[in-house]
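The values are calculated or read from the model by the stated rules, or taken from the named source; none is laboratory data. The shown structure was predicted, so the numbers you read here are calculated from the model rather than taken from an experiment. Cβ sites come from the backbone with ideal geometry, for glycine too, and all protein chains shown count toward neighbours.
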Amino acid sequence: MNHIELFAGCGGLSLGLESAGFELLMANELSPMASETFAYNFFGKDLSGKDAQSFSPSQPNAKWLRSRYERTQLAQRLREDPRAYPKMDELGWSDISGPESLKGSLVVGSIVELNRFLENKPEIVSALKSGFGAGEVDLVSGGPPCQSFSMAGMREYSNSRNVLPMEFAKFVGLVNPRMALLENVTGILRPFSVDGEKKHAWFEVAKAFVEQGYVPLCLHVNAKYAGVAQNRPRFLMMLFRQKDVYKQVLASVKSEQEHDLLASSGEFFKLAKSNPSLQYSPECLTCFDVANERHLPLFCNSFLAPLVAHAGEKVAGKKKPYTVTEAIGDLKNEPDSKSGYWMELEASLAPHIAERPMENHDYRYNRDRVQRRFRIYQILQQIGKRRTQKEVQAVLAQVASTISDECAQDLCAHPFVGEDGEEVRFNTHDKDALVAYLARHDTKKQTQKALDPTSPAPAALSIPDDACHYEELRTLTVREMARIQSFPDNFAFRSKVTTGGQMRKFEVPQYTQVGNAVPPLLGRAIGRVFADLLGRLGKAEVQHVKDVCALDAQVAEAA
């Protein structure tokens, strides 16, 4: 099985797909910083180190579509602002010479310019469509940047980044794979208000793929049910080439649930094909939601089952979601035995990356005042009451100057940290002192919290300021965030650790690379779904499917 990866980032989805038996034909990523990590892990190229000056056009590597700098100026390329990449009709340097220069490589550049490039290079499009001689492309996958769709982001319907899913569809139309996958934040499902009208971005994206000849199956999933130690809801759009693949998959259904999943998508294809201006209505296209009790059996009893292998909190007989402690507890305490989560990463993902010592586990410095605030977050997490949390956050945000007696009683049961690092306790008879202490630790960062060691990590976890450790008074390391996201310990992150100010607009440092990635275990579950479907087309080898099942059995036994 083979795939092309768009919006590849540091390679989380690529790693998951590779572990499920997919071979990378080509990848594309805009950020040179994320590309440095991708090249290091998948090609063994240290672009800022020993391989900075060596470059062979015939070997898989990070290859720039267009740059202001020559290949000999690789250090400048790795810090280049992607917004300033030369367009195809402007002067610049390119590493792309012909079809063979793309094979197995990561193309660094804009998907918009990549599509423009391909539209004028029929010989390269032909090579891609044939899978570089493999017959054809099985899967095109990727997650377009989602800041303007995210509920925690800008929520701008007209934002220029919102055209990227449409560019994804255009690429799929050019390459004509058997199947495709678009991954995104769940905010894409929330309607935008534009001039008094509601616009449904996901519905418009689905219609764009229909225009290219693909039938969409829309899903609302959660990475924690695929084995990731993070409560991370995601939107998935699975796409099937209508003229042949969709019909074959529909004919292969093994249960009533599988038929129900696929049949409604086929009806939507007919509607949208005959009426390109089709307006959204709930009856037109269903997004099957793993959180919906009526939809959950469709996941459990179909080819989507790998996406709910850890839905034990909802389905009897399934494994439970992994917790923060299971994900990162050994990084602090170094116990004699590792958790089932670590063993699953080591067994299923680590073999696909070169063996190397664990990196990216350096602690970041936090000022004393910040550490004391982290202790406040830990106390709020231990109390676990929404009302108490809101009252304290109001004081920290300087929008309130007092708290209720109930809130004070909750807080006074826990020790705080004093100015000199000593333990400090308050009593309910001196509530003013407690409030004054809280007010001295005011902050504008209202989304910060301490991790709950007994649950999966929260979805918002992409920069150091998002959360602090559940026991220690510090932010998480890059490695701890990577573990939570299900990256194995031998997956190393390159480039800057973090960034700030105006540089945030285009730099993608290590923390952001982790936070933006598709969790590899979710990618593996997605890969197993597509492997099942491709197997029904006669593409996937039966022996490989057996091997994957045997490995999963070994992992389960070890856990």
Inset, instruction - Restrict the check to the stretch 474-497 and report whether at least one residue is in contact (Cβ under 8 Å) with a residue 40 or more places away in the chain, touching a Ser or Thr at 6+ places or on another chain (Cβ under 6 Å) and at negative phi. - result: yes
Inset, instruction - With the checklist (1) without any contact (Cβ under 8 Å) to a residue 60 or more places away in the chain; (2) in a helix (DSSP H, G or I) in hand, flag the one item Met237 doesn't pass. - result: (2)
Inset, instruction - Sort out which residues of the stretch 301-341 are among the hydroxyl-bearing types (Ser, Thr, Tyr), modelled with pLDDT of 95 or more and not in a helix (DSSP H, G or I), and write them in order of number. - result: Ser302, Tyr322, Thr323
Inset, instruction - Go through the stretch 97-111 residue by residue and tally those that are closer than 14 Å to Tyr85 by Cα and surrounded by fewer than 18 Cβ atoms within 10 Å (Cβ to Cβ). - result: 0
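Answer with yes or no whether Val228 is buried (at least 23 other Cβ atoms within 10 Å of the Cβ) and over 22 Å from Asn516 (Cβ atoms).
Numbers: buried (at least 23 other Cβ atoms within 10 Å of the Cβ): yes; over 22 Å from Asn516 (Cβ atoms): no.
In short, no.
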Inset, instruction - Taking Leu78 as the residue in question, decide whether it is without any contact (Cβ under 8 Å) to a residue 24 or more places away in the chain and of a type outside the set (Phe, Trp, Tyr). - result: no
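So which residues in the stretch 399-421 are within 17 Å of Arg372 (Cβ to Cβ), out of contact with any strand residue (DSSP E or B) (no Cβ under 7 Å at 6 or more places or on another chain), assigned to a loop (DSSP other than H, G, I, E, B) and modelled with pLDDT of 95 or more? Lay out the reasoning, then the answer.
First, the residues of the stretch 399-421 that are within 17 Å of Arg372 (Cβ to Cβ): 411-412, 414-421.
The next check asks that each one be out of contact with any strand residue (DSSP E or B) (no Cβ under 7 Å at 6 or more places or on another chain); those that pass are 411-412, 414, 419-421.
If we keep only those that are assigned to a loop (DSSP other than H, G, I, E, B) too, we end up with 414, 419-421.
Result: His414, single match.
Within the stretch 112-136, take every residue that is outside any helix (DSSP H, G or I) and in contact with a strand residue (DSSP E or B) (Cβ under 8 Å, 6 or more places away or on another chain) and give me the one that is surrounded by the fewest Cβ atoms within 10 Å (Cβ to Cβ).
Taking the stretch 112-136 as the starting set, the residues that turn out to be outside any helix (DSSP H, G or I) are 120-121, 130-136.
Right, trim to in contact with a strand residue (DSSP E or B) (Cβ under 8 Å, 6 or more places away or on another chain) and you get 131-132, 134.
Numbers: Gly131: 20, Phe132: 16, Ala134: 12.
Filtering first and then ranking leaves Ala134.
So which residues in the stretch 502-535 are under 10 Å from the mean Cα position of the chain (by Cα) and buried (at least 24 other Cβ atoms within 10 Å of the Cβ)?
Let us first name the residues in the stretch 502-535 that are under 10 Å from the mean Cα position of the chain (by Cα), namely 513-520, 522-523.
Answer for the stretch 502-535, where residues must be under 10 Å from the mean Cα position of the chain (by Cα) and buried (at least 24 other Cβ atoms within 10 Å of the Cβ): Gln513, Val514, Ala517, Val518, Pro519, Pro520, Leu522, Gly523.
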Inset, instruction - Spot the failing condition for Glu211; the list is (1) out of contact with any helix residue (DSSP H, G or I) (no Cβ under 8 Å at 6 or more places or on another chain); (2) surrounded by fewer than 18 Cβ atoms within 10 Å (Cβ to Cβ), and only one is missed. - result: (1)
Inset, instruction - With the checklist (1) surrounded by 14 or more Cβ atoms within 10 Å (Cβ to Cβ); (2) out of contact with any Gly (no Cβ under 9 Å at 6 or more places or on another chain) in hand, flag the one item Gln446 doesn't pass. - result: (1)
Legend entry - Qualifying residue in the stretch 459-472 (condition: of a type outside the set (S, T, N, Q) and either under 18 Å from Pro520 (Cβ atoms) or in contact with a His (Cβ under 9 Å, 6 or more places away or on another chain) (or both)): yes
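Just the residues that are loosely packed, with under 15 Cβ neighbours inside 10 Å and touching a residue at least 24 places away in the same chain (Cβ under 8 Å), please, taken from the stretch 60-75. Before the answer, list the steps.
Looking only at the stretch 60-75, we keep the residues that are loosely packed, with under 15 Cβ neighbours inside 10 Å, and these are 70, 72-73, 75.
Once the filter is applied, which keeps residues that are loosely packed, with under 15 Cβ neighbours inside 10 Å and touching a residue at least 24 places away in the same chain (Cβ under 8 Å), the stretch 60-75 yields only Ala75.
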Inset, instruction - Scan the stretch 346-366 and give yes if some residue there is basic (Lys, Arg) and either in contact with an Asp or Glu (Cβ under 6 Å, 6 or more places away or on another chain) or over 30 Å from Phe38 (Cα atoms) (or both), otherwise no. - result: no
Inset, instruction - Output the number of residues of the stretch 280-300 satisfying the condition of being assigned to a loop (DSSP other than H, G, I, E, B) and surrounded by 21 or more Cβ atoms within 10 Å (Cβ to Cβ). - result: 2
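Looking at the stretch 358-379, which of its residues are of a type outside the set (Phe, Trp, Tyr), in contact (Cβ under 8 Å) with a residue 12 or more places away in the chain and not in a helix (DSSP H, G or I)? So that I can check it myself, show each step before the final result.
Step one: filter the stretch 358-379 for residues of a type outside the set (Phe, Trp, Tyr), giving 358-362, 364, 366-373, 375-376, 378-379.
Among the residues that remain, those that are also in contact (Cβ under 8 Å) with a residue 12 or more places away in the chain are: 358-362, 364, 366, 368-369, 371-373, 375-376, 378-379.
Met358, Glu359, Asn360, His361, Asp362, Arg364, Asn366 - these are the residues of the stretch 358-379 that are of a type outside the set (Phe, Trp, Tyr), in contact (Cβ under 8 Å) with a residue 12 or more places away in the chain and not in a helix (DSSP H, G or I).
Would you list the helices (runs of 4 or more DSSP H) that sit entirely within the stretch 1-106 and hold 2 or more residues that are over 26 Å from Ser130 (Cβ atoms) and under 23 Å from the mean Cα position of the chain (by Cα)? Spell out how you get there, then give the answer.
Details: elements: 12-19, 32-38, 74-77, 99-102.
Result: 32-38.
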Inset, instruction - Could you tell me which residue of the stretch 489-501 is farthest from Leu74 (Cα to Cα), considering only residues that are at pLDDT 95 or above and surrounded by fewer than 23 Cβ atoms within 10 Å (Cβ to Cβ)? - result: Asp489
Inset, instruction - Collect the residues in the stretch 179-201 that are buried (at least 18 other Cβ atoms within 10 Å of the Cβ), more than 21 Å from Ala517 (Cβ to Cβ) and either at pLDDT below 85 or polar (S, T, N, Q) (or both), keeping them in residue-number order. - result: Phe192
Legend entry - Phe38 out of contact with any Phe, Trp or Tyr (no Cβ under 6 Å at 6 or more places or on another chain) and closer than 18 Å to Ser110 by Cβ: yes
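Limited to the stretch 444-471, what total is found for residues that are in a loop (DSSP other than H, G, I, E, B) and within 19 Å of Ile383 (Cβ to Cβ)?
Going residue by residue through the stretch 444-471, those that are in a loop (DSSP other than H, G, I, E, B) are 444-448, 451-456, 458-463, 469-471.
So of that shortlist, the ones also within 19 Å of Ile383 (Cβ to Cβ) come out as 446-448, 451-455, 458, 469-471.
Count: 12.
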Inset, instruction - Any chance you could count how many residues in the stretch 240-253 are surrounded by fewer than 19 Cβ atoms within 10 Å (Cβ to Cβ) and touching a residue at least 24 places away in the same chain (Cβ under 8 Å)? - result: 3
Inset, instruction - Can you work out which of the residues in the stretch 397-413 that are loosely packed, with under 14 Cβ neighbours inside 10 Å, aliphatic (A, V, I, L, M) and under 37 Å from the mean Cα position of the chain (by Cα) is farthest from Gly384 (Cα to Cα)? - result: Val399
